[in-house]
Amino acid sequence: MSQQSHRLLMVSNRLPVVVSCVEGRWDISAGSGGLVTALSPVMKQNDGLWIGWPGCGEEAPLNELLSRFRAEEGYRLHPVPLTEEEVERYYWGFSNETLWPLFHDLLGNCNFSLENWQTYRQVNERFARTIAEVCKAGDLLWVHDYQLTLVGAYLRKHGVRQALGYFHHIPFPSLDLFRRLPWNLELIRGLMEYDLLGFQTLRDRRNFIRCAHSLLPDTEVIRRHRHHTTLRHGQRKVRVGHFPISIDFDEFNDAAASKEVDEAAWFLHENIEGRQLLLGVDRLDYTKGIPERLLAFERALAKYPDLMRKISLVQVVVPSRTMVPDYRDLKGQIDQLVGRINAQYSEHGWIPVHYVYRSLDRVQLLAHYRAAEIALVTPLCDGMNLVAKEYCASSVHNNGVLILSEFAGAADTMGENALLVNPYDIEGTADAIRQAFTMPQHERKRRMSVLRADIRRNDVHRWVRRFIETLQRSR
Ligand code: ADP
Ligand code: G6P
């Protein structure tokens, strides 16, 4: 990316930082997600500026913390402060109670509220105003995710003419589903103001094109390329592509092979000697299929008694979006299922389900990936699912088996060498658990080495390069 001289403006709902206060001492550190890791060097090289909601209350000494971040990380952050009511309606409400379930094919979880939609528009407008104040001619603007679909349209209203890119991290729904959104027309028109729209999979890209074509009759396809399609809408040309996001393979691979992780993985296994570990790692989200996964594990124990005492499920769940009622209900459902399975099957020296409700630090996360012979990544619907890729990158001995939902974006590229399941099919998932458990070493190695080679080649750095190069050519 160093050959491009444009300044890069990154925009996301949250700033890529964690602000904390321990015993009265405020601290700021870079977030640990793959996106932040991949973008940090690009942001440093290109005098980058990242714009977003700081996610902390007014009591935090924000200016001081942001200056400290700049000195330490080498790029700047610009905050978009939000009031409590805005957070309530724009973030918890419209983003996470309307767009999130709708775009994950879960219409039953949607709440359509006019007030939430109005606040969502206002906050997107505020983001646009903030960007318009700080952006300069020649800047490349890259907006992320469903919380900010309308920012491009408001930027155009503010007279911003720079190249605008948008990446949609979650699935894009079919026309049938998208039409249920009362404000579908304004949303799709808004998206068409970007120069480049990036989706995770070819299916998402096609769904979007179908929606644009059907809802905006003056839209036509003018060129088709393997990675993107060019649409004409009025006077504008919009590129719509698919760019499957990935992880920093080398970072996971190297850290997973370290002595520290090796030892931590050994300890995890020592507790359950001679058994295979089955691992689930997710945010507490109803799209992740956690109850269905527990039911499949329960069914596997009932159907295949030879698994008793030989297999344990470690399910790690990070608290998430706890203000949304459906997320709170899910917690109760999981607690109950774990209790039921353990009450029925536990024996002296063997607990079938180990349930951890917190975030793991890096070493522990990698140790879990390395220690588990089998990973269960079974979302009901997912844009990509990075856990599937992180698990493979950490399987440094090529001995893990990945059981993967056919409804995760990751299935497009990983489906052939994972064991693909329909997460709603409890019986089929139970059978896949048994198949993974009994899979011979040579087959595990063959499958895992292909998976790892593909993630190594298509890592997150390549993803960033491809998106930025396409954006530069789109204008
Ligand atoms: P989503 O973006 O919907 O949460 P992904 O699977 O794409 O789903 O990304 C989840 C990210 O969160 C991964 O990078 C994963 O390592 C991290 N993560 C998930 N659960 C935990 C946990 N319990 N502890 C630490 N990190 C976690
Ligand atoms: C998904 C979304 C992101 C979001 C993340 C965590 O990955 O695509 O946009 O940031 O979940 O959710 P949160 O609501 O805590 O930001």
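The values are calculated or read from the model by the stated rules, or taken from the named source; none is laboratory data. Since the model is a prediction, treat every value here as computed from it, not as a measurement. Cβ coordinates were reconstructed from backbone atoms using ideal geometry, including for glycine residues, and neighbour counts include every protein chain displayed. Only protein heavy atoms, including side chains, enter the accessible area calculation; ligands, DNA and RNA are left aside. Shrake-Rupley method; radii C 1.70, N 1.55, O 1.52, S 1.80 Å.
Structure data summary
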| read-out | value |
| --- | --- |
| Selection within the range 309-326 - open to solvent by less than 10 Å² (accessible area, probe 1.4 Å) and more than 10 Å from ligand 2 (Cβ to nearest atom) | I311, S312, L313, Q315, V316, V317 |
| Options F178, F172, F127, F94: the member that is within 16 Å of ligand 1 (Cβ to nearest atom) and in contact (Cβ under 8 Å) with a residue 24 or more places away in the chain | F172 |
| Test result for H397, in contact with a strand residue (DSSP E or B) (Cβ under 6 Å, 6 or more places away or on another chain) and modelled with pLDDT of 95 or more | no |
| Extreme residue, nearest to N109 (Cα to Cα), among residues of the range 283-297 that are within 16 Å of ligand 2 (Cβ to nearest atom), part of a helix (DSSP H, G or I) and open to solvent by less than 10 Å² (accessible area, probe 1.4 Å) | T287 |
| Residue tally, condition more than 9 Å from ligand 1 (Cβ to nearest atom) and under 16 Å from the mean Cα position of the chain (by Cα), over the range 357-390 | 3 |
| Test: residue in the range 221-233 that is part of a helix (DSSP H, G or I) and either modelled with pLDDT of 95 or more or open to solvent by less than 10 Å² (accessible area, probe 1.4 Å) (or both) | no |
| Residue match in the range 436-447 (condition: of a type in the set (S, T, N, Q), touching a residue at least 24 places away in the same chain (Cβ under 8 Å) and either open to solvent by 60 Å² or more (accessible area, probe 1.4 Å) or assigned by TED's automatic domain parsing to the domain that holds G165 (or both)) | yes |
| The one condition in (1) assigned by TED's automatic domain parsing to the domain that holds V401; (2) in contact (Cβ under 8 Å) with a residue 40 or more places away in the chain; (3) more than 30 Å from L307 (Cβ to Cβ) that A453 fails to fulfil | (2) |
| Residue list for the range 242-282, filter: within 16 Å of ligand 2 (Cβ to nearest atom) and either aliphatic (A, V, I, L, M) or open to solvent by 50 Å² or more (accessible area, probe 1.4 Å) (or both) | I245, I247, V281 |
| Number of positions in the range 92-145 that are among the acidic types (D, E) and open to solvent by less than 10 Å² (accessible area, probe 1.4 Å) | 1 |
| Selection count where residues are farther than 23 Å from G33 by Cα and either modelled with pLDDT under 95 or within 16 Å of ligand 2 (Cβ to nearest atom) (or both), scope the range 96-110 | 6 |
| Test set (1) within 11 Å of ligand 1 (Cβ to nearest atom); (2) of a type in the set (S, T, N, Q); (3) exposed (fewer than 14 other Cβ atoms within 10 Å of the Cβ) - S346 fails condition number | (1) |
| The range 357-394 - residue that is acidic (D, E) and farther than 15 Å from M448 by Cβ and, of those, most open to solvent (accessible area, probe 1.4 Å) | D361 |
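Residue by residue, here is whether (1) open to solvent by 20 Å² or more (accessible area, probe 1.4 Å); (2) outside any helix (DSSP H, G or I) holds:
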| position | (1), (2) |
| --- | --- |
| H6 | yes, yes |
| V11 | no, yes |
| S20 | yes, yes |
| W26 | yes, yes |
| S29 | yes, yes |
| L39 | no, no |
| V42 | no, no |
| D47 | yes, yes |
